[in-house]
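Student: This structure is in structure tokens; I'll ask about it shortly.
The values are calculated or read from the model by the stated rules, or taken from the named source; none is laboratory data. Fair warning: this is a prediction, and the values are worked out from it, not measured in the lab. Because the Cβ atoms are built from the backbone with ideal geometry, glycine has one as well, and the counts that use them run over all protein chains shown. The accessibility values were calculated without ligands, DNA or RNA, using every heavy atom of the protein model including side chains. Shrake-Rupley method; radii C 1.70, N 1.55, O 1.52, S 1.80 Å.
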Amino acid sequence: MANMSEARIKREFKEGLLSFSGECLVKVELVNDSWTELRGEITGPRGTPYEGGKFVLDIKVPDRYPYTPPEVRFVTRIWHPNVSSVTGAFRMDILKDHWAAAMTLRTVLLSLQGLLTAAEPDDWQDFVVAFQFKKRHDLFLLTAKHWTSAYAGGPRTFPELDLKIERLKDLGIDEHEARVVLSKENWDLERAAECLFI
């Protein structure tokens with residue numbers, strides 16, 4: 001007999017709660033035929049710097065689900081104040097103090113899309129991103145759009161930023177590391193190079 005969490009996930013799949021389309025496309029699939037290791041995907045909401053991107057999530061369902069919330073993290077790299085640009089961990093109340101057994105994985109994914117629409121920089125997971133969000137919002141938007149394009153298949157191109165990344169790559173820096181340091185240094189190539197080489 002299936003355990004409680006497996007039975008609940010099967011029910012969510014059967015009721016069609018884990019895949020729907022429209023402006024807020026979300027989906028969930030099994031990983032290695034496991035009912036407790038899942039892969040989620042959300043699309044970046046329209047009107048945000050994440051628009052057009054597809055963000056993959058790692059979902060671990062505990063034995064006591066739905067009485068215990070799932071563990072979720074971003075696999076796709078994202079520039080967002082509430083998501084660690086290093087680990088993909090994020091802060092969201094419904095996965096901590098406000099979890100209720102009536103919630104579903106769909107609830108979690110839709111809440112994450114909501115977080116992409118309305119960041120909470122005062123409850124940051126990534127201080128550098130939150131600081132940029134509050135103090136240099138124009139650069140935050142540019143950087144978030146660039147990361148969406150680079151990592152989530154977003155539709156925009158950024159030749160000027162790509163050129164700066166190429167300059168650092170020519171110096172032997174890995175592409176992702178170049179993008180990270182440039183993002184943290186507000187796309188100032190000289191300051192990024194100083195951080196890397198001094």
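Student: Under 10 Å, Cα contacts only: if you run a Gaussian network model on the chain, which one of ARG39, ARG73, ARG64 comes out with the highest mean-square fluctuation?
Tutor: Taking springs between Cα atoms under 10 Å, the residue moving most is ARG64.
Student: Hey, what's the per residue convex hull volume over the C-alpha atoms of the chain, in cubic angstrom?
Tutor: Value for the chain: 129 Å³ per residue.
Student: Based on the Kirkwood radius over alpha-carbon pairs, what is the Stokes-Einstein translational diffusion coefficient of region 13-102 at 37 °C with 0.692 mPa s viscosity, in µm²/s?
Tutor: D, rounded to a whole number, is 232 µm²/s.
Student: Can you send over the carbon and sulfur percentage of the accessible area for the chain, probe radius 1.4 Å, protein chains only?
Tutor: 50
Student: Now, a different point. Given a 1.4 Å probe and heavy atoms of the protein chains only, how would you sort HIS80, HIS98, HIS137, largest accessible area at the top?
Tutor: Highest to lowest solvent-accessible surface, that is HIS98, HIS137, HIS80.
Student: Restricting to Cα pairs below 8 Å that are 6+ residues apart, what does the relative contact order work out to for region 52-198? Please round to a whole percent.
Tutor: About 21 percent, as a whole number.
Student: Once label points are set 7 Å from the Cα along Cα→Cβ at both ASP162 and LYS14, what is their separation, rounded to one decimal in nm?
Tutor: 4.9
Student: Further question: Using alpha-carbon pairs under 8 Å, 6+ residues apart, how would you state the relative contact order of region 109-192 in percent?
Tutor: Reported relative contact order: 17 percent.
Student: Next up: Less than 12 Å Cβ to Cβ from TYR151, Lys/Arg counted +1 and Asp/Glu -1: what total charge do the surrounding residues give?
Tutor: Around TYR151, the surrounding residues sum to +3.
Student: Need the list of lysines near LYS164 for cross-linking: C-alpha distance under 28 angstrom, and skip anything on the same chain fewer than eight residues off.
Tutor: Here the lysines satisfying the reach criterion relative to LYS164 are LYS54, LYS134, LYS135, LYS145, LYS184.
Student: Residue separation times 0.36 nm, minus the C-alpha to C-alpha distance between ASP123 and THR107: what's the value?
Tutor: Separation in residues times 0.36 nm, less the Cα-Cα distance, equals 3.7 nm.
Student: Quick one: 3J(HN,Hα) in Hz for region 190-195, Karplus 6.51/-1.76/1.60 with θ = phi - 60°, rounded, Gly and Pro as x.
Tutor: Rounded to whole hertz, the list is 5, 5, 4, 4, 4, 4.
Student: Just to verify a number: what accessible area does GLU29 come out at with the full protein assembly present, 1.4 Å probe, Å² rounded to tens?
Tutor: Here the residue's solvent-accessible area equals roughly 90 Å².
Student: Which residues among region 149-166 fall inside the zone where the amide N is under 19 Å from a point 7 Å beyond the Cα of CYS195, along Cα→Cβ?
Tutor: Within reach of a label on CYS195: 149-151, 160-166.
Student: For a bin width of 10 Å, list the pair-distance distribution of region 86-159 built from all Cα-Cα distances, rounded to whole %.
Tutor: 16, 43, 31, 10, 1
Student: Under a point-charge model restricted to the Cβ atoms of Lys and Arg (+1) and Asp and Glu (-1), what is the dipole moment magnitude of the chain relative to its Cα centre, in debye to the nearest 20?
Tutor: Here the size comes out at about 440 debye.
Student: Here is a further query. Put a dot 7 Å past each Cα toward the Cβ at TYR67 and HIS176; how far apart are the dots in nm?
Tutor: 3.8
Student: What distance in nm separates the two pseudo spin-label positions at LYS169 and ASN3, each 7 Å out from Cα along the beta-carbon direction?
Tutor: According to this spin-label approximation, the distance is 4.4 nm.
Student: In addition: So for ASP33, ASP174, what's the accessible-area order with a 1.4 Å probe, most first?
Tutor: ASP33, ASP174
Student: Separate question: Can you give me the accessible area per residue for the chain, using a 1.4 Å probe, in Å²?
Tutor: 53
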